[in-house]
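Data first, discussion second: the structure below is written as structure tokens.
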Amino acid sequence: MKDWIKAGEIASSAREYGKKLIKVGASHLEVTEKIEAKIISLGGEIAFPTQISINNIAAHYTSLFEGDVKFKEGDVCKLDLGVHVNGAIGDTAVTVDLGSNDSLVKASLNALNAAIKIAKPGVSVNEIGKVIHKEITSLGFSPIVNLGGHGLDKWKIHTAPSIPNFDNGDKTKLVEGQVIAIEPFASNGSGLIFEGKGSEIYQLEKEGNIRDANARKILKFVSEKYKTLPFAKRQLPFNKLQLTVGLSALKRNGFLHEYGVLPEKKEGSLVSQHEHTLIIGDRVTTK
Ligand code: MN
Ligand code: MN
């Protein structure tokens, strides 16, 4: 459990450091890179590319390989980061509101706190979903029902059980010592996301031989450094041409999966998120 606890502590420190950097006019890429440098300086590794998803984008937006954006007045920014220590992961998120969306932010925070309070051995996951739904709707918002929390395993970000953001009837019980992330999303839109365009966040699907030399170099690098954890195009130490050719060959041949960004179905809507990692029956590692 030592590595899980350490990963959680580093993730918590990086989150608190990062949320202070998100200001009107600040560069998305600079903030992201500072947070990732902080994780390394604290003795952690990056478990997945640091994501700062803005406004209607609920999740899976990381700085792109080319083209930076600046934070603007009114932006609702979800900072979601992951740290690993020998593969043991801390996954945590906070919303930074650059506008005046206090109750939207509060909705996902209250939901997370209420869910943590009842997350004990023997509690079924739909009970967690029920309190999340209740807290968010009581402030007049919708939980995003097709996103949710998850189990965590060494080198694996998403494992069973799924932790729903509403009562989905799943009676799977939480087990002592199990590591899970709880992540309520509150929306003033439809409460549904869809998979949008490519995020430049990839994950290894399989290993093996590929003919293209650039693809082969990238494959060797990512399978050693990231194993089954996600990584971003901007994190790879290859030039633009190598990446363009190599990544597309790897995707085409089923070696890599590219995640899509996850926007709310309703245009112009706003989404907040809070997330912690817990060891059931023991502690919140990312407190
Ligand atoms: Mn997360
Ligand atoms: Mn998560």
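The values are calculated or read from the model by the stated rules, or taken from the named source; none is laboratory data. No experiment lies behind these values; they were computed from the predicted model shown. Positions of Cβ are generated from backbone atoms using ideal geometry, with glycine treated the same way; all protein chains shown enter the neighbour counts. Heads up: the accessible areas ignore ligands, DNA and RNA and are worked out on the full protein's heavy atoms, side chains in. Shrake-Rupley method; radii C 1.70, N 1.55, O 1.52, S 1.80 Å.
List of remarks:
- Annotation: per residue accessible area for the chain equals 43 Å², rounded to a whole number [probe 1.4 Å, protein chains only].
- Ordering T172, A186, L64 by Cα displacement along the dipole of the chain toward the positive end leaves L64 in first place; charges were set at the Cβ atoms of Lys, Arg (+1) and Asp, Glu (-1).
- The Kirkwood hydrodynamic radius of the chain, based on inverse pair distances between different Cα atoms, is 19.1 Å.
- Residue-wise HN-Hα couplings along region 11-20, as the Karplus relation 6.51 cos²θ - 1.76 cosθ + 1.60 with θ = phi - 60° gives them from phi, are 4, 4, 4, 5, 5, 5, 5, x, 5, 6 Hz; Gly and Pro carry x.
- Partner aspartates and glutamates whose Cα lies under 14 Å from the Cα of K130, excluding those fewer than 8 positions away in the same chain, are identified as D167, D170, E183.
- Taking the accessible area of the chain, probe 1.4 Å, and keeping the other protein chains in place, the carbon and sulfur fraction comes to 51%.
- Per-residue SASA remark: S41, around 90 Å² accessible (1.4 Å probe; ligands, DNA and RNA not included).
- Around the amide H of A47, modelled in the peptide plane, lie the amide H atoms of G82, V83, H84, all under 5 Å away and 5 or more residues distant in sequence or on another chain.
- With respect to the chain, whose longest principal axis is taken over its alpha-carbon atoms, helix 213-225 is tilted by about 40°.
- Euclidean distance of C-alpha centroids, region 104-165 and region 59-97, integer Å: 19
- Cα convex hull of region 198-260 - mean projected area over all directions, nm²: 3.6
- Among the listed pairs K38/K117; K19/K72; K6/K117; K72/K134; K171/K287; K78/K206, those beyond 24 Å (Cα-Cα): K38/K117; K72/K134; K171/K287; K78/K206
- The HN-Hα couplings worked out from phi for region 113-125 by the Karplus form 6.51 cos²θ - 1.76 cosθ + 1.60 (θ = phi - 60°) are 4, 5, 5, 4, 4, 9, 6, 10, x, x, 7, 7, 5 Hz, whole numbers, x standing for Gly and Pro.
- Euclidean distance between Cα centres, region 176-223 to region 236-264, Å: 11
- Backbone geometry of region 152-169 corresponds, through the Karplus equation with coefficients 6.51, -1.76 and 1.60 at θ = phi - 60°, to 3J(HN,Hα) couplings of 10, 9, 4, 6, 10, 6, 10, 10, 5, x, 7, 10, x, 9, 7, 7, 9, x Hz, x marking Gly and Pro.
- Straight-line reach from K217: taking Cα to Cα under 20 Å and skipping same-chain neighbours fewer than 8 places apart, the aspartates and glutamates in range are E200, E205, E207, E258.
- Helical contribution to [θ] at 222 nm, DSSP H n ≥ 4, -39,500 (n - 2.57), averaged over the chain, rounded to 500: -10500 deg cm²/dmol
- By a 1.4 Å probe calculation restricted to protein chains, H158 has an accessible surface near 110 Å², given to the nearest 10.
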